[in-house]
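> This is the structure I have questions about; it appears just below.
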Amino acid sequence: MIDHDRLFKELISTFFLEFLELFFPQVIAYLEPESLKFLDKEVFTDVTAGEQYEVDLVAQIRFREQDTFFLVHIENQSYPQADFGRRMFRYFARLFEKHALPIYPIVVFSYDTPRTPQTNIYRVEFPDKTVLEFNYGVVQLNQLNWRDFLQQENPVASALMAKMNIAPSERPRVKSECLRLLATLRLDPARMKMISGFVDTYLKLNAAEEEIFQTEIAKFESAKQEVVMEIVTSWQLQGRLEIVMRQLNKKFGAVTPKLEERIRQLSPSQLEDLAEALLDFTNAGDLVAWLNGVQG
């Protein structure tokens with residue numbers, strides 16, 4: 001199961017200003033970037049329904065050249081939900097009651113289907129008047145064309161193209177373009193790994209697609225091709241590591257964190273050797289002895 005909320009929260013909190021710059025540039029124009037602060041997890045209890053609701057992401061930031069602050073609330077919605085606007089208004093009301101600050105609400109609709117355009121308004125109406133008209137920003141990924149973001153040198157674009165409106169035949173091309181764009185950005189290894197992992201999670205390719213993907217990479221200029229191949233190699237190594245860990249856990253039960261850390265330090269060739277050697281292991285002691293032999 002993919003933890004959609006965690007992946008999107010991690011991406012947007014890491015590249016918060018870049019997210020706003022990509023989708024809400026008008027907000028960037030009046031905020032003070034240096035004042036950005038994320039609030040602790042906000043949990044609200046619905047006494048009537050007997051349920052708890054956790055807000056995805058709330059940031060506090062100052063208006064530019066002012067002493068006053070406002071909140072930006074971003075909610076990722078990974079599945080269709082009837083009357084979702086009411087939930088956004090509920091969050092707005094609770095946050096406003098607690099913090100007494102202006103709130104800019106945004107929802108990211110990240111599910112693949114349906115592709116029906118989602119509303120950005122929640123109303124409470126009577127025949128003779130409208131009591132409430134609550135507006136919130138909407139980023140509906142399955143309504144966006146990935147081609148429109150190819151020239152956006154923005155890490156959020158590099159990641160989210162993987163969740164936009166993609167025809168099945170375009171999946172290998174989109175994955176390669178996500179990485180091409182990522183290769184143009186000067187990111188530290190940790191942030192690059194986060195984005196590449198996001199892309200790989202949502203664009204898992206079959207064997208036929210993988211061949212097309214490799215063909216697309218071969219068209220890149222040498223500098224970008226080198227960066228992309230390093231990313232692909234890291235994916236392959238991570239996949240190999242996960243297979244070895246599953247085999248060991250199945251054979252001996254849960255591997256201790258200390259042993260897992262030692263396995264993660266193995267080189268690609270050593271990991272290949274372990275995958276073959278573990279077939280002859282009879283207990284966890286054999287694993288320890290093998291690791292001692294290769295790690296000294």
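Where a number appears in this text, it was derived from the coordinates with a stated rule and is not lab data. Just so you know, these numbers come straight off a predicted model, no measurement behind them. All Cβ positions, glycine included, derive from the backbone under ideal geometry; neighbour counts span all protein chains shown.
> If the elastic network links every pair of Cα atoms under 10 Å, which of PHE84, PHE126, PHE109 fluctuates the most in the Gaussian network model of the chain?
PHE126
> Using alpha-carbon positions, what is the distance between the centroids of the stretch 142-167 and the stretch 216-273, in Å?
About 27 Å separates the Cα centre of the stretch 142-167 from the one of the stretch 216-273.
> At most 16 other Cβ atoms within 10 Å and a DSSP loop assignment: could you name the GluC sites (Glu not before Pro) in the stretch 213-296 that fit? Please list the in-between numbers first.
Numbers: sites: GLU216, GLU221, GLU226, GLU230, GLU242, GLU260, GLU261, GLU272, GLU276; in loops: GLU221.
Answer by residue number: GLU221.
> Hey, what does the equivalent ellipsoid look like for the stretch 168-223, semi-axes from the Cα gyration tensor as sqrt of 5 times each eigenvalue, largest first, whole Å? It would help to have the intermediate numbers written out before the result.
Working: eigenvalues 78, 41, 12 Å².
Semi-axes (√(5λ), whole Å): 20, 14, 8.
> To the nearest 20 debye, what charge dipole does the stretch 1-133 have about its Cα centre, counting +1 at the Cβ of each Lys and Arg and -1 at the Cβ of each Asp and Glu?
Numbers: 14 positive and 22 negative charges, 42 e Å.
Around 200 debye, computed over the stretch 1-133.
> Note down the Stokes-Einstein diffusion coefficient of the stretch 62-156 in µm²/s, whole number, using a Kirkwood radius over alpha carbon pairs, 4 °C, and 1.567 mPa s.
Details: Rh = 15.5 Å.
Rounded to a whole number, D works out at 84 µm²/s.
> Here is a follow-up. Give the average over all directions of the projected area of the C-alpha convex hull of the chain, one decimal, in nm².
Values: hull surface 85.3 nm².
For the chain, averaging the hull's shadow over all directions gives 21.3 nm².
> Which Cα, out of ALA162, ALA100, PHE63, lies furthest along the positive dipole direction of the chain (beta carbon charges, K/R +1, D/E -1)?
Positive-end residue among those listed: ALA100.
> What's the tally of Lys pairs in the chain whose alpha-carbon atoms lie under 20 angstrom apart, where the two lysines are 8 or more places apart or on different chains?
The result is 16.
> Now for a different question. Test of understanding: ordering TYR202, TYR111, TYR30 by Cβ neighbours within 10 Å, fewest first, what list do you get? Let's see the in-between values first.
On the way: TYR202 22, TYR111 17, TYR30 13.
Fewest to most other Cβ atoms nearby, the residues stand as TYR30, TYR111, TYR202.
> For the peptides 206-212, 148-154, what is the packing order when you average, over each peptide's residues, the other Cβ atoms within 10 Å and list the highest mean first? Numbers along the way, then the final one.
On the way: 206-212: 12.0, 148-154: 14.1.
Ranked from most to least packed, the peptides come out as 148-154, 206-212.
> What whole-number distance in Å separates the alpha-carbon centres of the stretch 117-133 and the stretch 1-35?
28
> Which FRET efficiency value, to the nearest 0.05, is calculated for ARG147 and GLU221 with the Förster distance at 22 angstrom and r the Cβ-Cβ distance? Write down the numbers at each step before the final one.
On the way: r = 20 Å, r/R0 = 0.90.
Calculated value: 0.65.
> Would you please calculate the Kirkwood hydrodynamic radius of the stretch 4-143 over all C-alpha pairs and express it in Å, rounded to one decimal? Walk me through the numbers on the way to the answer.
Values: mean 1/r = 0.0621 Å⁻¹.
Answer for the stretch 4-143: a Kirkwood hydrodynamic radius of 16.1 Å.
> Can you tell which of PHE220, PHE252, PHE134 shows the greatest fluctuation in a Gaussian network model of the chain with Cα springs below 10 Å?
The residue with the greatest mean-square fluctuation here is PHE252.
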